[in-house]
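So the structure is just underneath, and the comments pick up after that.
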Amino acid sequence: MKKGLVIEGGAMRGLFTAGVLDILMENDVVFDGAVGVSAGACFGCNYKSGQIGRVIRYNKRFAKDPRYCSWRSLFMTGDLFNADFCYRELPMELDVFDSAAYAANPMEFHVVATDCATGKPVYKRLDKADAEAFRWIQASASMPLVSRPVKISNGEYLDGGLSDGIPLRYFESLGCERNVVVTTRPRGYRKFPSWKIAAAKPFLRRHPAVYNAFKTRHVWYNETLEYIDSRVAVGAALLISPPSSLEISRLCHDPNRMQCVYDVGRQTAKSQIEHIKEFLR
């Protein structure tokens, strides 16, 4: 029986997920594969490298560093999260990502990005933590309006959360029969059309397929949540979500607030750890 880990994004809400994943790693919970979207890709790759505590450590360390995330970065580079700093300097020099451990771990790691030409999800398996892999992780987390499309080979890609933010069906299609799904919204949450849709249209003229994905995102997202509930009901999925709305902005710079959200994730996973182990057995 193949076991999968499905990790939603949500920018700094992803620190809840980081707390969950650290508890799972501390308890030696093993999966055959994991798939991450947006922040779920950035933070989830540390599960394959086995680096407990790395996500909260570097987020707190660089919370107020303008090289990490700032309006200055957006104006100067076109990316709110500075691409060179986040996907080269940080993992290669400042808080080193363990590429050898990542490659040695047999667990598959996949990410989801949105193809700017079609507005459809693209699923990429990353076996090595090389420069191209970090480009795919960057693409998965590149939010429209505050990020440039990421060019890889002949394509351009943006945030995977635009097209498949919780890819449970994708992992089931790969043969994963038992899946732990980690979301960053509380159970029962439903998404409504965003006021940002109208504001986004002029900025996405070059990418009409991305705009259409943005415009219809709430429809497929809510349908996905209903599908997850149906899989939980028959014992094919286990959902880990925050007990209430996380009190953190998408672009938080407060290390104390980051720690609080991370701790909620740890507490939530710790309270369910025996149930999680039993589910995967």
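Key figures for this structure:
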{"quantity": "Restricting segment 1-33 to residues that are within 15 Å of the chain's Cα centre (by Cα), of a type in the set (V, I, T) and outside any helix (DSSP H, G or I), the residue that is surrounded by the fewest Cβ atoms within 10 Å (Cβ to Cβ)", "calculated": "V6"}
{"quantity": "Total residues in segment 81-94, condition more than 19 Å from the chain's Cα centre (by Cα) and either at positive phi or touching a residue at least 24 places away in the same chain (Cβ under 8 Å) (or both)", "calculated": "1"}
{"quantity": "Answer from K60, K64 - the residue that is in a helix (DSSP H, G or I), in contact (Cβ under 8 Å) with a residue 40 or more places away in the chain and more than 23 Å from A237 (Cα to Cα)", "calculated": "K60"}
{"quantity": "Residue in segment 186-198 that is hydrophobic (A, V, I, L, M, F, W, C) and at pLDDT 95 or above present", "calculated": "no"}
{"quantity": "Some residue of segment 265-274 being farther than 12 Å from G14 by Cα, open to solvent by 30 Å² or more (accessible area, probe 1.4 Å) and either among the acidic types (D, E) or without any contact (Cβ under 8 Å) to a residue 24 or more places away in the chain (or both)", "calculated": "yes"}
{"quantity": "Qualifying residue in segment 158-179 (condition: open to solvent by 20 Å² or more (accessible area, probe 1.4 Å), farther than 18 Å from D84 by Cβ, assigned to a strand (DSSP E or B) and not acidic (D, E))", "calculated": "yes"}
{"quantity": "Some residue of segment 69-80 being surrounded by 21 or more Cβ atoms within 10 Å (Cβ to Cβ) and modelled with pLDDT of 95 or more", "calculated": "no"}
{"quantity": "Residue within segment 116-132 that is under 24 Å from E8 (Cβ atoms), surrounded by fewer than 16 Cβ atoms within 10 Å (Cβ to Cβ) and of a type in the set (K, R) present", "calculated": "yes"}
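One line per residue, one yes/no per condition, for (1) in a helix (DSSP H, G or I); (2) surrounded by 16 or more Cβ atoms within 10 Å (Cβ to Cβ):
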| residue | (1), (2) |
| --- | --- |
| F192 | no, no |
| R206 | no, no |
| A209 | yes, yes |
| A213 | yes, yes |
| R217 | yes, yes |
| Y221 | yes, yes |
| D229 | yes, no |
| L246 | no, yes |
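The values are calculated or read from the model by the stated rules, or taken from the named source; none is laboratory data. Since the structure is predicted, the reported quantities are computational estimates derived from the model, not experimental observations. Here the Cβ is made from the backbone with ideal geometry for all residues, glycine too, and neighbour counts use every protein chain on show. Accessible surface is based on the protein model in full, side chains and every heavy atom, while ligands, DNA and RNA are left aside. Shrake-Rupley method; radii C 1.70, N 1.55, O 1.52, S 1.80 Å.
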